[in-house]
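The values are calculated or read from the model by the stated rules, or taken from the named source; none is laboratory data. Everything numeric here is computed off the predicted structure, so don't read it as measured data. When we count neighbours, we look across all protein chains shown, and the Cβ atoms used for this are built from the backbone with ideal geometry, even at glycine. These area figures cover heavy atoms from the full protein model, side chains too; ligands, DNA and RNA do not enter into them. Shrake-Rupley method; radii C 1.70, N 1.55, O 1.52, S 1.80 Å.
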Amino acid sequence: MAFRGKEMMKKVLKNVGGEKNLAPGLKESLKKCIPDSKVVMGRAKRGLYAGRHIQFGNRVSEDGGNKSRRTWKPNVQEKRLFSYILDRHIRVKVTTHALRCIDKAGGIDEYLLKTPYHKMDTEIGLYWKAKIEKLYEELGKMEVVFFSPEDEEKFEQGFKDLKLSERAARREARRQMYGLSDKHREIEGGQVEGQLTDGDAARTGDRSSHHDFPEQLVANT
């Protein structure tokens, strides 16, 4: 455990090269963005805790009232939260209090946007907040084009025609693959019919000969 705000400020100054390289007034603005929280757990770097951290107190015995030090850890859960701007789920460790705050805000994106920097007391929360703010800023600069109802109908009809042409192309490709053209089908159909007619004639001939055979026996007797 450590004072998270002081450690983060030291890291920033170390990466910059010291306070001498900072512009005047920049350090005060950085302090506003960096959380100034009290003692914070080390594992809070990897989750959204919404101000819920380890607490200290005493365990009091029922008989003699003896006190012994103890701690209360927050109820931390690992959840998959959906981000609309990223269009995917974010797997993050959150407390139950943070989940209620996220539900009240309307989602993980709204929670990160509405929560100010000085109240975001975890490093992963600051990272996701800065990233989502940048993505929404880029989305706001994009140009949006609206089409008239006539143009939308033309687009829908074009998509339908494209689907029909794709189906026809697949059907023709299957015919060429298996060698089944219309002429071949007609020829094969005629051959099958001829075979059926020959077979019917043979069957009728067999039946007539079968019927004639008993008559010949009767004549011979």
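Total residues in the range 115-133 satisfying the condition of being assigned to a helix (DSSP H, G or I) and in contact with a Cys (Cβ under 9 Å, 6 or more places away or on another chain): the figure is 3.
Out of curiosity, is F159 of a type outside the set (A, V, I, L, M) and either assigned to a helix (DSSP H, G or I) or at pLDDT 85 or above (or both)?
The answer is yes for F159.
Quick check: is even one residue across the range 119-132 closer than 27 Å to K10 by Cα and small (G, A, S)?
Yes.
Residues satisfying the criterion are absent from the range 90-101 (criterion: on the phi > 0 side of the Ramachandran plot, free of Cβ contacts under 8 Å to residues at least 24 places away in the same chain and of a type outside the set (S, T, N, Q)). If you go through the range 127-168 and keep only what is among the polar types (S, T, N, Q) and open to solvent by less than 50 Å² (accessible area, probe 1.4 Å), you end up with just S148.
Against the numbered list (1) crowded, with 16+ Cβ neighbours inside 10 Å; (2) in contact with a Leu (Cβ under 9 Å, 6 or more places away or on another chain); (3) modelled with pLDDT under 90, Y49 comes up short only at (2).
Evaluating T95 against the criteria (1) closer than 24 Å to D121 by Cα; (2) open to solvent by 40 Å² or more (accessible area, probe 1.4 Å); (3) in contact with a strand residue (DSSP E or B) (Cβ under 8 Å, 6 or more places away or on another chain) leaves one unmet condition, (2). Taking (1) among the charged types (D, E, K, R); (2) open to solvent by less than 90 Å² (accessible area, probe 1.4 Å); (3) within 29 Å of the chain's Cα centre (by Cα); (4) within 26 Å of Q55 (Cα to Cα) in turn, R100 satisfies each apart from (2). Within the range 53-72, if we keep just the residues that are among the polar types (S, T, N, Q) and not in a loop (DSSP other than H, G, I, E, B), the residue that is farthest from the chain's Cα centre (by Cα) turns out to be S68.
Looking only at the range 103-126, count every residue that is open to solvent by less than 30 Å² (accessible area, probe 1.4 Å) and within 15 Å of L81 (Cα to Cα) and tell me the total. Residues in the range 103-126 being open to solvent by less than 30 Å² (accessible area, probe 1.4 Å) and within 15 Å of L81 (Cα to Cα): 7 in total. Among the residues of the range 73-92, the ones that are buried (at least 17 other Cβ atoms within 10 Å of the Cβ) and either polar (S, T, N, Q) or more than 20 Å from the chain's Cα centre (by Cα) (or both) come to 3 in all. Give the range 134-156 a look and list any residue that's assigned to a helix (DSSP H, G or I) and of a type in the set (S, T, Y), or say none. Listed by number, the list holds a single entry, Y136.
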